[in-house]
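> Before I ask anything, let me first share the structure, which is written out below as structure tokens.
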Amino acid sequence: MLKTRLLILGPLFLAACAATAVSDDYAEVIARATPPSPAVKAVIVTGARELIYNPASIRNAEISNVATLPGGGQGVCVRADSKDVSGRYTGVHSLGIPLRDGKIAGGSLDHPICDRADVHWQPFPELEALPG
């Protein structure tokens, strides 16, 4: 009986340890993140003009510090509220944005890293100032 418990609980314990190690890696990366430069903000504002249905409706916009990942890539989170095609505000959502060579290289809506408590946010009025 004891052997059976060890065989079942052992891998779960190891998996929990591995998950803690991964989250600690992100904690270090987030702790070393730096405020976004005007150039990074400008790239994101330009991208929003092309991707957001109603860019003039953006409100409550915030941007995280820029994290440099171990492989050399960078990432930033942006969160805001905007109107959908029916004219209703959708609620604040975050977008995880990978950056390569100073350009947007994709994006992930409601990325879990953007929801971490240790991510540092600042207002992003440049995103709220887009014309209609």
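Just so you know, all these numbers are worked out from the coordinates, no wet-lab data involved. It should be emphasised that the depicted structure is a prediction, and the values quoted were computed from it without experimental measurement. Methodologically, a virtual Cβ is constructed for each residue, glycine included, from the backbone with ideal geometry; neighbour enumeration extends over all protein chains shown.
> Looking at the square roots a ≥ b ≥ c of the eigenvalues of the Cα gyration tensor of the range 93-132, which shape do they give, rounded for a/c under 1.5, prolate if a/b is larger than b/c, or oblate? Don't skip to the end; give the middle numbers.
Details: a/c = 1.76, a/b = 1.17, b/c = 1.50.
Verdict is oblate for the range 93-132.
> For LYS103, what is the net charge nearby, where nearby means another residue's Cβ is under 14 Å from its Cβ and Lys, Arg count +1, Asp, Glu -1?
Numbers: positive: LYS41, ARG100; negative: GLU50, ASP101.
The answer is 0.
> Bin width 10 Å, alpha-carbon pairs only: give the P(r) of the range 27-109 as whole percents, running from 0 to the bin holding the largest distance.
Over the range 27-109, the share of Cα pairs per 10 Å bin runs 17, 51, 25, 7, 0 percent.
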